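The values are calculated or read from the model by the stated rules, or taken from the named source; none is laboratory data. Because the structure is predicted, anything quoted here is derived from the model rather than measured. Neighbour counts are summed over all protein chains in view; Cβ atoms, including those assigned to glycine, are modelled from backbone coordinates with ideal geometry.
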Amino acid sequence: MSKKPSLDHPTLKHIKKAFPDVPFKASEFRGMTTLVVQGEHLHEVARFLKDAPGCEYDFLSDVIGIDYLDYPVETPGRFAVVYLLSSGKHDDLFTLKTFVDPSVDTSGIDFDPTLQVDSVTDIWPGAEWREREVYDMYGIRFQNHPDLRRILMWEEFPGHPLRKDFPLRGRGEREHYKTLDRESR
């Protein structure tokens, strides 16, 4: 990389200028700059990062879910959705993060309408499967996603296995399957 990311990262200057009334938080850790944006501004900031001269983050390398349950430091929400971005033109990396907080107990399998963010598949089409994985493993829904369904677990799976309050031994799903051996083909 030609530039070392820091809190004086040029992308942050472009964002501050374009969104003067939007509250942001930024951090730098081990050379990686992260911008935390509120969910209601996520899509417009993502679009800006993709299209604005000086930013042009044309590649979404990953979408990650994080569960901050029992995290030792207070966070703006229990779950985070993290977007890892890359600009080929500027040879630069940038992280965009937003938080969501559940409104119901997450140890059950109930649907929680507050666990949702806008999909970025219209900005970076490669987000489609990555958002589906975050949905499947954490239960965070992506509004306007073209095909939001489970990708790793079967549709009727009871819960979201990467949540920290999901039981380590599961909820009985192993007991429902017959053990197969070589003779049972």
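Close contacts from region 33-62, counting a first residue that is on the phi > 0 side of the Ramachandran plot and without any contact (Cβ under 8 Å) to a residue 40 or more places away in the chain and a second that is surrounded by 15 or more Cβ atoms within 10 Å (Cβ to Cβ) and part of a strand (DSSP E or B), with Cβ to Cβ under 8 Å and a gap of 6+ residues or different chains, come to Glu56/Ser87. Might you check whether a residue that is closer than 13 Å to Leu60 by Cα, in a helix (DSSP H, G or I), under 11 Å from the mean Cα position of the chain (by Cα) and not charged (D, E, K, R) occurs anywhere in region 84-94? Within region 84-94, none of the residues are closer than 13 Å to Leu60 by Cα, in a helix (DSSP H, G or I), under 11 Å from the mean Cα position of the chain (by Cα) and not charged (D, E, K, R).
Looking across region 84-115, the residues that are of a type outside the set (A, V, I, L, M, F, W, C) and within 29 Å of Arg30 (Cα to Cα) come down to Ser86, Ser87, Gly88, Lys89, His90, Asp91, Asp92, Thr95, Lys97, Thr98, Asp101.
Please verify whether region 19-32 includes one or more residues that are under 19 Å from Phe99 (Cα atoms), in contact (Cβ under 8 Å) with a residue 40 or more places away in the chain and not in a strand (DSSP E or B). No, that holds for no residue. Scanning region 125-134 for residues that are of a type outside the set (D, E, K, R), touching a residue at least 24 places away in the same chain (Cβ under 8 Å) and either farther than 25 Å from His41 by Cβ or surrounded by fewer than 21 Cβ atoms within 10 Å (Cβ to Cβ) (or both) returns a single hit, Gly126. Among the residues of region 97-119, count how many are in a strand (DSSP E or B) and either within 19 Å of Glu74 (Cα to Cα) or at pLDDT below 90 (or both). Looking only at that region, the number is 4. Annotation: of all residues in region 28-46 being closer than 16 Å to Asp92 by Cα and not acidic (Asp, Glu), the one that is surrounded by the fewest Cβ atoms within 10 Å (Cβ to Cβ) is Arg30.
Among residues of region 63-83 being assigned to a loop (DSSP other than H, G, I, E, B) and in contact (Cβ under 8 Å) with a residue 40 or more places away in the chain, the one that is surrounded by the most Cβ atoms within 10 Å (Cβ to Cβ) is Pro76. Among all positions in region 63-75, there is at least one residue which is among the β-branched types (Val, Ile, Thr), farther than 19 Å from His41 by Cα and in contact with a strand residue (DSSP E or B) (Cβ under 7 Å, 6 or more places away or on another chain).
This table checks each residue for (1) modelled with pLDDT under 85; (2) among the acidic types (Asp, Glu); (3) surrounded by 10 or more Cβ atoms within 10 Å (Cβ to Cβ); (4) in contact with a Pro (Cβ under 7 Å, 6 or more places away or on another chain).
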position: Asp136; (1), (2), (3), (4): no, yes, yes, no
position: Asn144; (1), (2), (3), (4): no, no, yes, no
position: Ile151; (1), (2), (3), (4): no, no, yes, no
position: Phe157; (1), (2), (3), (4): yes, no, yes, no
position: Leu162; (1), (2), (3), (4): no, no, yes, no
position: Arg169; (1), (2), (3), (4): yes, no, no, no
position: Tyr177; (1), (2), (3), (4): yes, no, no, no
position: Arg182; (1), (2), (3), (4): yes, no, no, no
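Within region 50-96, work out how many residues are polar (S, T, N, Q), at pLDDT 95 or above and more than 22 Å from Thr121 (Cα to Cα). Number of matching residues: 0.
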